[in-house]
Each structure stands twice: as C-alpha cells, then as structure tokens.
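Quick notes on the structure that follows.
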Amino acid sequence: MSLKRRDFLNAALTGGVALLASGRSVARQSRLADVRIDVLVAEPIGKIAPELYGHFVEHLGGVVYDGIWVGENSKIPNINGIRKALVDALQRVKPGVIRWPGGCFADSYNWRDGIGAKKDRPRRTNFWVDSWEWPKDAPDGPWKYDTNQFGTDDFLRFCQLTGGQPYLAANLRSLTARDFYEWVEYCNSPAGSTTLAEMRAAAGQREPYKVRYWGVGNESWGCGGNFTPEEYAQEYRRFSEWVPRYGMELAFIGSGPNGGDLSWSRRFFGRLAERGGFGRMWGWALHHYSWNVSSGRTNDWRQGKGDAVNYPVEEWYELLNESDKMESLINDHWAIMGEFDRQHRVKLVVDEWGAWFKPGSELHPSHLLGQQSTIRDAVLAGMTLDTFHRHADKVAMANIAQLVNCLQALFFAHEDKFALTPTYHVFDLYTAHQGGESLRTMVSAPRSAYTRNGKPATMRGLSASASRKEKQLVITVSNPDLTQARDTEIALHGATVKEVSVMSLAASDMRAHNSFENPRAVEPKAGRATVRPDGVLTFTVPPASVNRLQITLA
Ligand code: AHR
C-alpha cells in the first residue's frame, strides 16, 4: 500500500507539472490501481425521485424569450409558440419537474398579467431590468419589459409537452395571500366550477391542470422580501394554511436557506414548531451556487466569480470543490430540520443549483447571466447528481439553474440556432437512474491534489452513485482530476454481473465546450469495462470525465 501511495504521489506530481506547463490539456499518461468502488446491493437508501432531475425557468435574460418562447408566427419550428427543438431534446432527458416563473422574478410577478387574450396582455418592467450584470450592448426587449406572451397556460402546456410536472413559485413579497389562492383556483378548480375555471377553459384547458408543487416565496431572506426567519415563518403560515385542495394534496415548498445559513433553517423550523407543526409543508428549499471563488481573490459574490471558459487549472478544482459542499449542506440542514421535525416529514428541495460565472461568455447580449458551459460544468453536474442519489432519503427534488441560455444551462438557443451543452449530456446519461433504488456506494480513492494560491490543496478524488431497478443496475462515476486516469475495481456485494456497457463524457481540453458553430465538440462516447473471473468489474475512469456503467445482473 505504501508503495502504491508513493507511486501515486510521483504520478500526481509528474502529471501536475505536465498540466501546468501546457496550461490546458488533460494529461492521460499516469494510471493507478488503488481505487475501489463497493456497491452494497442489499443496502437501499431510497428511491431516486424523478423530481431530482428538475429544471428551472425564470423570466431572466434569454430563458423564456428566445430560449423557450419564439411565438406562434415565428419561422422557427414551434408548437403553439414554444421552440420545438427544445421540447424534443428536453423530452429525451425526462424532466421530473420544471419550476417557474422564478427566482427573484417570482416575487414581482402578477400571474394575472399572463392569462387571457395575448393581444390584451400588459407590458411590465422585469425584475432584472437594473441588474449590474447586463452586457453593455444588451438591447431592450421582453427580457427587460416583459410582454407577458408566455404566461401560466403557456408554461403549463410546455410542461405537458415535455412531461415535466409543474412547480409554480408564488409571489409572497408583492402580492397577497388571496392572489395566491386564486392562482391555485385558476390552475386546479374543477371544470366549470368557478369564474377562474371558465377563464382557464377559454384559454383551451377545461380540465384542471392539477398543479401539485407550490413554492411559497423565493429567497425570502433576500429578493423575496428581506424577511427575518421569524417574519417569513408568519408569512409562510398565512399563505399556505387554508389554500383549497380541490381533491388533491398540494405540496408546499418553503423558501429555505442561502447555502450554509443554518440559522435560517433553525429559526424558521423553531418558529413553526412553536405554533404546533409544519402543516402542509412538503419541502424546504436550499439554494447553492458554485461561484468559483479562488483564494487570493475577493470573497465578494459580485467580484469573486471566475470565467466560464478561460480558467486556470486552480479554478477548475476550486469550482468543483465549491460545488462539492452540497453534501455537507444537505447533511447540516437535514440535521437541523430533524431537531424539530423528528419524523422528517419535510424533505429537502435543492431548488437552485449550478455554476455561476462572471459575465462575458453569454452567446447573445440579451442573455443576462448567460454563460458558456464546458466539460468542467459537466463534471460538476455529475458529482452533484451523485450526491443527490447518495441522499435520496433526504432530497426529494432538485432543479438545476437554469434550463436555457442562463447559468448552468442544458441548452443554448438564439433565433433559429440551438445547441446542447455538456451538462445536457450528463442529464442524458444519468436519466437511467430515475425511479431506481439508490444503493449504498463506497468509494476509496486518493484525493485529487492541486495548488491553491501557491499552497497544496486537495479535493474529493472520485464521485460515484449506484441504483437498481430489478435486473438493471446503473453506476455513475465522475473524475474531477485533470491528470489522473483511475484504474478502478468495482465490486457488487449481493449481485452478479451478467453484462456491462459504458458511456463516457470526456475531453482532452479542460475548456472543451459546445457552441452554435461546433455543437458536437463534447459528446458521450462508448467506453469499456471488463468483468474479471472473480466477478469484479475493472474500469479505467478517464481524467476530467463523467461515466455511466449500465449493468445487467445475472
Ligand atoms: O437563478 C438566478 C437567481 O439566483 C434567482 O432568481 C434567485 O432565486 C437566485 O438568487
């Protein structure tokens, strides 16, 4: 073992020097065999909810206008105004849920502006109009002055077309509880029962939409009202307690903490517990973005962001390390929730997650918070989804931010141009986990070594998760290391491998990405794993990669 460790250090040093010298290439020369993944087939953790594969659509930059909505009269192929290429590609990755209309926008939005005849809908100033992050040449348009052409019925049709369950975020800052009840009534009251149900029928939907997921505010500690946890607890109760059910259970989601703000969770749950419990709360929403803060630079969230593409090696690791905090965030907030909700009736919802870089790489100036997306984002997505699987008993929903043209998007779209990002391919590979039973998975791997601000630093060496559906077992493995391929032994305890197939998403350039001009630069390719006579699988995990092993059990 000590020899192997020494070999590892030597190989790590050699690889590291090669990488720093070349600046950006992913070296493949060094391999080690001291990596092992043990899958405990008899230790299920919980079902991987399809809702862990959720998405987020906000009226922000190019998400809705350009990304989703092109209009009924557009030359761009569309279904009732909705971009067809997006519908087709999104269907393929089986969206479990889609959250709308925000984000911060939600707490400024009046749902009534977006219903009824399109020609009569008002134009309103968008919440994001004054953002400091707008590119200088950003034109005016519906992203600044919303035309409301995409409203409740349009969004719910988008959900029907793609198969995602809708998750509507209510405005708690600037509308009343009564407005919220009436939005629920518009969506869910029985056909012909109310004036709002008649208005819904006039928009083409006679039967109720049966929307189950309702967010009660968004980031209520910030853009959603700057409340204290105690003030928000009072508002939360007022908004959610007496909403009509219309024959179904509504799942309310409370506006949870900003990353590691444990006191927001503790004080909110404490206040609800004082008044006798959690009512119809189903989920508690945690937000965690990876800002790519490097040491030596400011920790200010505005100034500290790195570049989406032109990053040094240090920032490759720093970003992934930052995203890997997800595991402790889940554990920490879960423990606090359990102090008050001992049965853990309320689950965690990670309703915004992903990478957030500084402006400058957006594909069009109207795409506020638009950013390029490289193989680094793909590894971030693979590691994060693995984390959700390993906590399938705690996390009931997760929504990557955002769907198209914004932050860690799965898609880029502008006019008639359309492309898939490396993160899309991760979702495509990982879809096989949906609905499976997550299995306890133990990874023994050396930590990845890098240099932070001139000093040695390390991070998780390999990330993995596994799930099973009858005779099908799926294992996903991500390698954040830029230089080390990991020769890995994978042992299934309690099952025998019959067949295995592998798909890998990897790139030889750490900045590899897709664009309108070169949309297929990063794509998954078939890989190879071997079954040894003793039943152990061996697989070399390429550096900087996301991999899926699909196994048929004997
Ligand atoms: O996703 C962009 C913004 O990030 C959302 O509007 C807000 O909820 C969060 O701060």
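The values are calculated or read from the model by the stated rules, or taken from the named source; none is laboratory data. These figures come from a predicted structure and were not determined experimentally. Cβ placement follows ideal geometry from the backbone for every residue including glycine, while neighbour counts extend to all protein chains displayed. SASA here: full protein model, heavy atoms, side chains in, ligands and nucleic acids out. Shrake-Rupley method; radii C 1.70, N 1.55, O 1.52, S 1.80 Å.
Evaluate the range 261-277: report whether one residue or more is in a strand (DSSP E or B), touching a helix residue (DSSP H, G or I) at 6+ places or on another chain (Cβ under 8 Å) and within 16 Å of the ligand (Cβ to nearest atom). Looking for residues that are in a strand (DSSP E or B), touching a helix residue (DSSP H, G or I) at 6+ places or on another chain (Cβ under 8 Å) and within 16 Å of the ligand (Cβ to nearest atom), one finds none in the range 261-277, hence no.
Quick grid of which residues meet (1) in contact with a strand residue (DSSP E or B) (Cβ under 7 Å, 6 or more places away or on another chain); (2) crowded, with 23+ Cβ neighbours inside 10 Å; (3) free of Cβ contacts under 8 Å to residues at least 12 places away in the same chain:
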{"position": "Q371", "(1), (2), (3)": "no, yes, no"}
{"position": "T374", "(1), (2), (3)": "yes, yes, no"}
{"position": "A378", "(1), (2), (3)": "yes, yes, no"}
{"position": "A392", "(1), (2), (3)": "yes, no, no"}
{"position": "L403", "(1), (2), (3)": "yes, yes, no"}
{"position": "A413", "(1), (2), (3)": "yes, yes, no"}
{"position": "Y430", "(1), (2), (3)": "yes, yes, no"}
{"position": "G435", "(1), (2), (3)": "yes, no, no"}
{"position": "S438", "(1), (2), (3)": "yes, yes, no"}
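Annotation note: of G224, G247, G217, G256, the sole residue that is over 30 Å from I82 (Cα atoms), touching a strand residue (DSSP E or B) at 6+ places or on another chain (Cβ under 7 Å) and at pLDDT 95 or above is G256. Any idea how many residues of the range 63-91 are free of Cβ contacts under 8 Å to residues at least 24 places away in the same chain and not in a helix (DSSP H, G or I)? Of the residues in that region, 6 qualify.
This table checks each residue for (1) open to solvent by less than 10 Å² (accessible area, probe 1.4 Å); (2) charged (D, E, K, R).
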{"residue": "P456", "(1), (2)": "no, no"}
{"residue": "A464", "(1), (2)": "yes, no"}
{"residue": "K498", "(1), (2)": "no, yes"}
{"residue": "A512", "(1), (2)": "no, no"}
{"residue": "S515", "(1), (2)": "no, no"}
{"residue": "T552", "(1), (2)": "no, no"}
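Scanning the range 138-148 for residues that are touching a strand residue (DSSP E or B) at 6+ places or on another chain (Cβ under 6 Å) and part of a loop (DSSP other than H, G, I, E, B) gives P142, W143. Evaluation of A432 against the conditions (1) outside the structural domain of G354 (by TED's automatic domain parsing); (2) part of a helix (DSSP H, G or I) shows that the sole unmet condition is (1). Scanning the range 69-107 for residues that are among the charged types (D, E, K, R) and within 16 Å of the ligand (Cβ to nearest atom) gives R99, D107. Taking the criterion of being under 28 Å from H389 (Cβ atoms), part of a helix (DSSP H, G or I) and open to solvent by less than 10 Å² (accessible area, probe 1.4 Å), would at least one residue in the range 40-51 satisfy it? Scanning the range 40-51, I find no residue that is under 28 Å from H389 (Cβ atoms), part of a helix (DSSP H, G or I) and open to solvent by less than 10 Å² (accessible area, probe 1.4 Å), so the answer is no.
For the range 77-86, the criterion of a residue being assigned by TED's automatic domain parsing to the domain that holds E219, over 26 Å from the mean Cα position of the chain (by Cα) and at pLDDT 95 or above is satisfied by at least one position. If you go through the range 116-137 one residue at a time, do you hit one that is surrounded by 22 or more Cβ atoms within 10 Å (Cβ to Cβ) and either away from the ligand (no atom under 16 Å from the Cβ) or in a strand (DSSP E or B) (or both)? Within the range 116-137, none of the residues are surrounded by 22 or more Cβ atoms within 10 Å (Cβ to Cβ) and either away from the ligand (no atom under 16 Å from the Cβ) or in a strand (DSSP E or B) (or both). Would you call V64 surrounded by fewer than 23 Cβ atoms within 10 Å (Cβ to Cβ), of a type in the set (A, V, I, L, M), within 16 Å of the ligand (Cβ to nearest atom) and in the same structural domain as M397 (by TED's automatic domain parsing)? In short, no.
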